[in-house]
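So the structure is just underneath, and the comments pick up after that.
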Amino acid sequence: CAVKAAQVLSEIAKNEEMKKPCIEADLVLTLIPFLESTDQEMLLHAGRAIGRICYDNRDLQEELVKVGVITSLVRILTDYVESEPLIHVDLLALYNLADLDMAKEALSKTKIAEQLVKQLRRAESHERLEIVFGILQVLAENDALKVQLVEAGVQEVLSEILLRLKGSSQAEDTCILKAASDLIVTLLPGEPIWTSVIIKARQPLMGSAYFHFTARIKNVLPFSGFKDGNCVQMVQLGVIDQLLDLLEKHVESGDISVQHAALSALRNLAIPVVNKVQMLEEGVTEQVQALLRSEIPPVQLKLLGTLRILADGQAEAAEILGQDPMLLNRLVQWCTANQHSSICGEANRLLASILRHNRSQEVVKAIQEAQGVKHLVSMATREDTAMQNEALNALAIASAIDLETLEETFKESQLVQSLHKLLQDDNTSPEVKCNSISLLCCLLNSGDLRQEIEEDKIKATLDELCSHSNTNVVKEAVTTLQILRGET
């Protein structure tokens, strides 16, 4: 009667109100030994009953793992490959348990990776694929299991799935493409799967498939431990052209998800210096600016980040961006976007980056004409130390290039007084103090600004900083005092 009893319990456990009585009767522990049975019907009903009783009950799930249920589940997956109902129940059980750290630890000591890759290859329905992908995604967060999955050849199966679904516009296929892309993202640090998968999939995959596979993956490239060398290889394989084509097609359609993902990909690919040069040569800057008219905050944010990364360390890019009236006017608008603080911050950072990396008087004049300088002065007084330093460095470089153009704006925005407050504030970081003093040195080349510095009694503050605990602050303060006193 055991098989029939297990079947009755699996039906009873469907009812939410009956789960508690089942638990109180210790039915879970009573059923576990039957997972060692060789009777497939018994395994099916016992597995369903246990799964339904323990669903969404973390304590019970942990108890299952402690008593060795993982070994039983992997055995069933291995021994009964042809039994679809039994495999389905087994996979659901693994799906519910895989999120537990102790379950991952137990699974790492089995051949689960090999079995899941086989199931991925055999899966014909979307439902089965989604369940297996769900398990794989969670397990891939474990370093040991990640290595095992790569060794089991998961990358080859992913290639086959991506190629099989190429060009499909069905919603179910799109979900599978997303799941496959997310899994590759998680597995990226395991190398060398990226090269083998992208080489196979780059040419055939188009449209939404290419978007989910390529753009979504590189959305996290720098943060996944992915090496610059492989990132460079991606650009050499021609991914930039594909992304730009994708972006161009969706600028007019207004597909926000595609715009956001493509910009994320371009932003992160632009991090290696060698990629910046190639991307500039391929006209990325000009094509990306087509999105300037976008009113969608996430797209605006990614656009700003992409342009800032491209300009980083590249004088040519900084000069191109810094002499574009449309871009500068848009940046100034975004600098006042108080309802979107992140966009406001990125716009200010891009302005600062353009000034920091350029060496052109025309760029300084263009930013001044667009009324962007006053925003950088405000940026220098913010609480964020990184942004303060970026603004101070940008203003110092701009002052060294063309102080005469900026002089009036500096006076109107009370830059000298703002710098004095930063120097007087005990909470100001040593680096910000150093950069503030360096900017003051630049301002001394203007007669009017020098007078403001003297009238604001900054000498006294610099005298105090000569005994500062930070040696760099002391050095800057001493040098500036010497200049003020005419000693050097």
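The values are calculated or read from the model by the stated rules, or taken from the named source; none is laboratory data. Please read all numbers here as calculations on a predicted model, not as lab measurements. Here the Cβ is made from the backbone with ideal geometry for all residues, glycine too, and neighbour counts use every protein chain on show. Side chains included, ligands, DNA and RNA excluded: accessible areas come from the protein's heavy atoms. Shrake-Rupley method; radii C 1.70, N 1.55, O 1.52, S 1.80 Å.
Condition first: part of a helix (DSSP H, G or I), open to solvent by 100 Å² or more (accessible area, probe 1.4 Å) and touching a residue at least 12 places away in the same chain (Cβ under 8 Å). Now tell me which residues in segment 1-38 satisfy that.
Taking segment 1-38 first, the residues part of a helix (DSSP H, G or I) are 2-12, 16-24, 27-36.
Subsequent filtering for residues that are open to solvent by 100 Å² or more (accessible area, probe 1.4 Å) retains 4, 16-17, 20, 24, 36.
Passing the criteria: only Glu36.
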Is segment 414-433 home to any residue that is part of a helix (DSSP H, G or I), of a type in the set (Gly, Ala, Ser) and over 27 Å from Glu454 (Cα atoms)? no
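From the residues in segment 143-155 that are touching a Ser or Thr at 6+ places or on another chain (Cβ under 6 Å) and modelled with pLDDT of 80 or more, which one is surrounded by the fewest Cβ atoms within 10 Å (Cβ to Cβ)?
Looking only at segment 143-155, we keep the residues that are touching a Ser or Thr at 6+ places or on another chain (Cβ under 6 Å), and these are 144-145, 155.
Narrowing the set further to residues that are modelled with pLDDT of 80 or more leaves 144-145.
On the way: Ala144: 14, Leu145: 22.
Per the stated criteria, the residue is Ala144.
Listed residues Leu97, Leu120, Leu158; which is at pLDDT below 90 and touching a helix residue (DSSP H, G or I) at 6+ places or on another chain (Cβ under 9 Å)? It would help to see each step written out before you state the result.
Numbers: Leu97 fails: at pLDDT below 90; Leu120 fails: at pLDDT below 90.
It is Leu158.
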If we scan segment 140-162, do we find a residue that is in contact with a Cys (Cβ under 8 Å, 6 or more places away or on another chain) and not basic (Lys, Arg)? no
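If you go through segment 452-488, how many residues are among the polar types (S, T, N, Q) and within 17 Å of Lys421 (Cα to Cα)?
Residues of segment 452-488 that are among the polar types (S, T, N, Q), as a first pass: 461, 467, 469-472, 479-480, 482, 488.
Right, trim to within 17 Å of Lys421 (Cα to Cα) and you get 461, 480.
Residues that pass the stated criteria total 2.
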Residues that are open to solvent by 20 Å² or more (accessible area, probe 1.4 Å), touching a helix residue (DSSP H, G or I) at 6+ places or on another chain (Cβ under 6 Å) and closer than 20 Å to Ile401 by Cα, drawn from segment 435-488: Asn435, Ser438, Cys441, Cys442, Asn445
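Can you tell me which of Arg75, Arg122 is of a type in the set (Lys, Arg) and either without any contact (Cβ under 8 Å) to a residue 12 or more places away in the chain or within 21 Å of Val3 (Cα to Cα) (or both)? Please lay out each step first, then the result.
Values: Arg122 fails: either without any contact (Cβ under 8 Å) to a residue 12 or more places away in the chain or within 21 Å of Val3 (Cα to Cα) (or both).
Of the residues listed, the single one that is of a type in the set (Lys, Arg) and either without any contact (Cβ under 8 Å) to a residue 12 or more places away in the chain or within 21 Å of Val3 (Cα to Cα) (or both) is Arg75.
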Only one of Gln361, Gln289, Gln368, Gln333 is open to solvent by 10 Å² or more (accessible area, probe 1.4 Å) and free of Cβ contacts under 8 Å to residues at least 24 places away in the same chain. Can you tell me which? Gln333
Quick test of your reading of the structure: Arg52 fulfils all but one of (1) modelled with pLDDT of 90 or more; (2) assigned to a helix (DSSP H, G or I). Name the failing condition by number. (1)
Of all residues in segment 116-142, which are buried (at least 20 other Cβ atoms within 10 Å of the Cβ) and in contact with a Ser or Thr (Cβ under 7 Å, 6 or more places away or on another chain)? Ala140
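Assigned to a helix (DSSP H, G or I) and not assigned by the TED database to the domain that holds Glu295: is that true of Arg382 in this structure? Before you say what the answer is, go through the steps one by one.
Numbers: assigned to a helix (DSSP H, G or I): no; not assigned by the TED database to the domain that holds Glu295: yes.
Answer is no for this residue.
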